[in-house]
Structures are given as structure tokens and as C-alpha cells.
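Colleague: Next up is a structure, given as C-alpha cells.
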Amino acid sequence: MGNKVFISYKYADSSVQRLITTSSWEQTTPRNYVDIIQQKVFPKYGHINKGENDGESLANFKESTIYSKLADKIFDSSITIVLISPNMKVSYPFEKDQWIPWEISYSLRTKNRQENRSNPNAILAVVLPDSFGNYDYANYYSFGFEILKLNKSNLKPAYSYGVYDNDYIVSCTWTQFLSQFDSWIEKALRNRSNVEKYNLRVNF
């Protein structure tokens, strides 16, 4: 049975590797990678897309409406896939005012709505190749959002004897992701099923 998946990404980051599926007059962005996931990977494994389809941009809505619509999608999903790209983080506005960190933060929360409850999502961070096909950029300490760093090495000390992953947020490269998609999903979901063993940080 498939899982409900929300995808968080920087739509207009053109610093990623060009895909052969991209038209010659277009720039490749993380949105093109999302299309591959939604159109080819999800149907193969029966997963359900809770993110935006192409052409379904929320950009023209008021900010309060965007928050509400994104919150609904995340609430109704069990795993959030975060596509990591070289220029996903900008210096302004501040991190707390950027969409990706907010989506990660909301995904990590226990959410209650009337009689419904949504536990923290599993989080899978997929590093996209840069324009040269490399992944090294993601290894620099100064790279990326603080909320991602805060949820690394966050296994509670009482459980740190080799059975559980040290990081709640599971990470892989795009190449690894495509070759063993369901294995990475399942690994992230195992952490979710043991969420009480991790110190989740939802504020940044």
C-alpha cells in the first residue's frame, strides 16, 4: 500500500543538473525532478501525491491562504520529501520566513484538528546534483537550513546503541533515491514509527 507524500522544494533554483527530459529552451529546476517523482515513481509504487502538481502554483494566493493549503496537504501526509538544491536557501527573507523551513517544521509537529490527530511526518532529504552533477555542496557545514541540522544526530542517548538511526531525517542522493526509492521511504518511515526515541526540534 502506498503512502501519502508531500514534497518540499525550491521551485526556481536553476543550479541543478540538467535533465534530458527538459525542453531545450527551458532551464532545469527542482520542479522537473518533482515531475519525475510524481509521474513515474509514485504510480510505480502506489504512493499518493499530496504536493502541488505542475501548473498548480499557489504563488498568486495570499500568504495566509498558502499557509492553510500547505498545512492541509502536510496534515494529510505521512512522509515529507525535501529536495535539497544548491540555492534553495536565500539570505533574505530570514530562514523563519522561507517556505521550505516552515514546511519541514510543520511536518515535524504533532498536529491536532478537532478529533483528528496527525503525528510527525517521516522526513526524507534527497540531495539533487548541482549543475556539474556533483553532490559535495550539501556536505559543507554552512550549507542548508538550520532546522535540517537540528534534526540530525538527535537520537536520544538512551537508544544510541546501534539499533536505531542516529538522525531522524534520512538523507540520500538523487541517484540513490531513484535506484532504491521504496527502501529510502521505508527507512524514513521506520524512524517515524520510533519517533519518541528522537529529540525533534520544530523551532529554528
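The values are calculated or read from the model by the stated rules, or taken from the named source; none is laboratory data. This structure is a prediction, so every number in the text was calculated from the model and none was measured. Here the Cβ positions follow ideal geometry from the backbone for every residue, glycine too, while neighbour counts run over all protein chains shown. For accessibility, only protein heavy atoms count, side chains too; no ligands or nucleic acids. Shrake-Rupley method; radii C 1.70, N 1.55, O 1.52, S 1.80 Å.
Colleague: Residues of the stretch 184-194 being outside any loop (DSSP other than H, G, I, E, B) and either open to solvent by less than 50 Å² (accessible area, probe 1.4 Å) or at pLDDT below 90 (or both), which ones?
Modeller: Scanning the stretch 184-194 gives TRP184, ILE185, ALA188, LEU189, ASN191.
Colleague: Output the qualifying pairs, or none if there are none: Cβ atoms under 6 angstrom, residues six or more apart or on different chains, first residue in the stretch 32-43 and closer than 14 Å to VAL5 by Cα, second residue of a type in the set (Phe, Trp, Tyr) and open to solvent by less than 30 Å² (accessible area, probe 1.4 Å).
Modeller: Note: pairs meeting the criteria are VAL41/PHE181.
Colleague: Filter the stretch 152-173 down to the residues that are at pLDDT below 95 and among the aliphatic types (A, V, I, L, M), then identify the one that is nearest to SER78 (Cα to Cα).
Modeller: This residue is VAL163.
Colleague: Next question, about the same structure. Checking ILE7 against (1) at pLDDT 90 or above; (2) within 17 Å of the chain's Cα centre (by Cα); (3) under 19 Å from TRP174 (Cβ atoms); (4) part of a loop (DSSP other than H, G, I, E, B), only one condition comes out false. Which one?
Modeller: (4)
Colleague: Tally time: how many residues in the stretch 28-48 are open to solvent by 10 Å² or more (accessible area, probe 1.4 Å) and assigned to a loop (DSSP other than H, G, I, E, B)?
Modeller: Qualifying residue count for the region: 3.
Colleague: Quick one: in the stretch 174-183, of everything that is of a type in the set (A, V, I, L, M, F, W, C) and modelled with pLDDT of 95 or more, which residue is least open to solvent (accessible area, probe 1.4 Å)?
Modeller: Among residues in the stretch 174-183 that are of a type in the set (A, V, I, L, M, F, W, C) and modelled with pLDDT of 95 or more, the one least open to solvent (accessible area, probe 1.4 Å) is PHE177.
Colleague: May I ask you to list the residues in the stretch 41-78 that are touching a Leu at 6+ places or on another chain (Cβ under 9 Å), modelled with pLDDT of 75 or more and not aliphatic (A, V, I, L, M)?
Modeller: LYS69, SER78
Colleague: Further question on the same structure: Can you name every residue in the stretch 195-204 that is surrounded by fewer than 15 Cβ atoms within 10 Å (Cβ to Cβ) and either within 15 Å of the chain's Cα centre (by Cα) or in a loop (DSSP other than H, G, I, E, B) (or both)?
Modeller: ASN199, ASN203
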